[in-house]
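> The structure is given below, and queries will be raised subsequently.
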Amino acid sequence: MLQTTPKPDAIALSANVLLELAESIWSSLLELDIQRSDDPVTEWPCDQPLLTGRVVVDGDWQGSILLVCPKAIACKAAAAMFGVSPPDVAETDLSDTMGELTHMLSGNLKSLLPGPCRLSPSSVTEGYNITMGNRIAAQVFLRSEGLLLQIILFEREKNYENPDC
Amino acid sequence: MKILIVDDSNAMRMIVRRTLREAGFGHLEVQQASDGNEALELIRKNPPDLILSDWNMPNKSGLELLYALNEEGYKITFGFITTEGTAEMRAKAAQAGAKFIINKPFTAETFAQTLGAFIKD
């Protein structure tokens, strides 16, 4: 069951909360397996094309929520959502699916953030598209179908302009 | 009975259709719109019995669609399917006359339980 009550210590969100959200989405909508990856990740496999979904949060809490996902998994997710086989997934459907997954994560996380805030529409870009600099409020590495995924919650630091937030 | 699904994500509209089938509502006629404006045009031409709408959409949001329907005097059962379900949003939705909010992600059981009260064979 997802927690929906705002928590004052929300910016100290644990990786378990992110895992729980991802499990909920993966199991109920995609019927794909997902679990936490406990292996230390030093670099992403270079032979896997990646997609990065991003939603910016503005309001009492400011930051961004990112989902980094191998294209292969995004393709399987899109296939599950559209009811087609992975080779039949169109590029626009892939982006639509990644955007919706990122927005679903963000919408559920929003209720755990302190104070009122707004979510931007989701944007999806190719590659590991993350600019470091802001504080990582929470992150988790996951594995779905054996491939690595990452969910990151960046909290915008005051007086720091960053395209991720 | 006709259902109108309003969501800017084609993927989510597909999932909602699939979940309606899984919840036992596969026999119902389903229309789709990608935002509030498109939905309003469809409703004016052929009003559905039930509207399942996303909250955040470009051009006209789900809440703006509901306000527009109220202004035009429509009495169609209206529910939100959204990623966001804050207390503030729930209050706004209820005040505007929405009958329910289903949070994404959802299951067929949630659909059956929530929509069962509003769907007649």
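The values are calculated or read from the model by the stated rules, or taken from the named source; none is laboratory data. Everything numeric in this text was worked out from a predicted model, so none of it was measured. Glycine also receives a Cβ, built like all others from the backbone with ideal geometry; neighbour counts cover every protein chain displayed.
> Go through A:151, A:136 for me and flag whichever is in a strand (DSSP E or B), out of contact with any Gly (no Cβ under 9 Å at 6 or more places or on another chain), modelled with pLDDT of 90 or more and not small (Gly, Ala, Ser).
After ruling out the rest, the residue left standing is A:151.
> Restricting to region B:1-22, what's the tally of residues that are within 14 Å of another protein chain (Cβ to nearest Cβ), more than 17 Å from residue B:110 (Cβ to Cβ) and touching a residue at least 40 places away in the same chain (Cβ under 8 Å)?
Residues in region B:1-22 being within 14 Å of another protein chain (Cβ to nearest Cβ), more than 17 Å from residue B:110 (Cβ to Cβ) and touching a residue at least 40 places away in the same chain (Cβ under 8 Å): 2 in total.
> Go through (1) at pLDDT below 90; (2) in a strand (DSSP E or B); (3) surrounded by 17 or more Cβ atoms within 10 Å (Cβ to Cβ); (4) of a type in the set (A, V, I, L, M) and name the single condition residue A:142 misses.
So residue A:142 meets the others, but not (1).
> Hey, another quick one. In region B:69-85, how many are more than 14 Å from every other protein chain (Cβ to nearest Cβ) and either over 14 Å from the mean Cα position of the chain (by Cα) or closer than 14 Å to residue B:36 by Cα (or both)?
8
> Residue under question is residue A:120, and the condition is that it be modelled with pLDDT of 90 or more, among the small types (Gly, Ala, Ser) and out of contact with any helix residue (DSSP H, G or I) (no Cβ under 6 Å at 6 or more places or on another chain); does it hold?
Values: modelled with pLDDT of 90 or more: yes; among the small types (Gly, Ala, Ser): yes; out of contact with any helix residue (DSSP H, G or I) (no Cβ under 6 Å at 6 or more places or on another chain): yes.
Criteria met by residue A:120.
> Is it the case that residue B:81 is surrounded by 17 or more Cβ atoms within 10 Å (Cβ to Cβ) and closer than 19 Å to residue A:121 by Cβ? If you could, list the steps in order and put the result at the bottom.
Numbers: surrounded by 17 or more Cβ atoms within 10 Å (Cβ to Cβ): yes; closer than 19 Å to residue A:121 by Cβ: yes.
So residue B:81 fits the description; yes.
> Can you find a residue in region A:101-112 that is over 21 Å from residue A:27 (Cβ atoms) and either in contact with a Lys or Arg (Cβ under 8 Å, 6 or more places away or on another chain) or modelled with pLDDT of 90 or more (or both)?
The answer is no; no qualifying residue exists.
> So if I check each of B:51, B:15, B:3, which one is surrounded by 22 or more Cβ atoms within 10 Å (Cβ to Cβ), in contact with a helix residue (DSSP H, G or I) (Cβ under 6 Å, 6 or more places away or on another chain) and either of a type in the set (A, V, I, L, M, F, W, C) or over 26 Å from residue A:84 (Cβ atoms) (or both)?
So the residue among B:51, B:15, B:3 that is surrounded by 22 or more Cβ atoms within 10 Å (Cβ to Cβ), in contact with a helix residue (DSSP H, G or I) (Cβ under 6 Å, 6 or more places away or on another chain) and either of a type in the set (A, V, I, L, M, F, W, C) or over 26 Å from residue A:84 (Cβ atoms) (or both) is B:15.
> Quick one: would you say residue A:88 is among the charged types (D, E, K, R), without any contact (Cβ under 8 Å) to a residue 40 or more places away in the chain and surrounded by 14 or more Cβ atoms within 10 Å (Cβ to Cβ)? Working first, answer last.
Details: among the charged types (D, E, K, R): yes; without any contact (Cβ under 8 Å) to a residue 40 or more places away in the chain: yes; surrounded by 14 or more Cβ atoms within 10 Å (Cβ to Cβ): no.
Spelling it out, it is not the case that residue A:88 is among the charged types (D, E, K, R), without any contact (Cβ under 8 Å) to a residue 40 or more places away in the chain and surrounded by 14 or more Cβ atoms within 10 Å (Cβ to Cβ).
> Right, something else. Can you report the number of residues in region A:6-56 which are more than 25 Å from residue A:118 (Cβ to Cβ), at pLDDT 90 or above and either buried (at least 21 other Cβ atoms within 10 Å of the Cβ) or among the β-branched types (Val, Ile, Thr) (or both)?
The total comes to 4.
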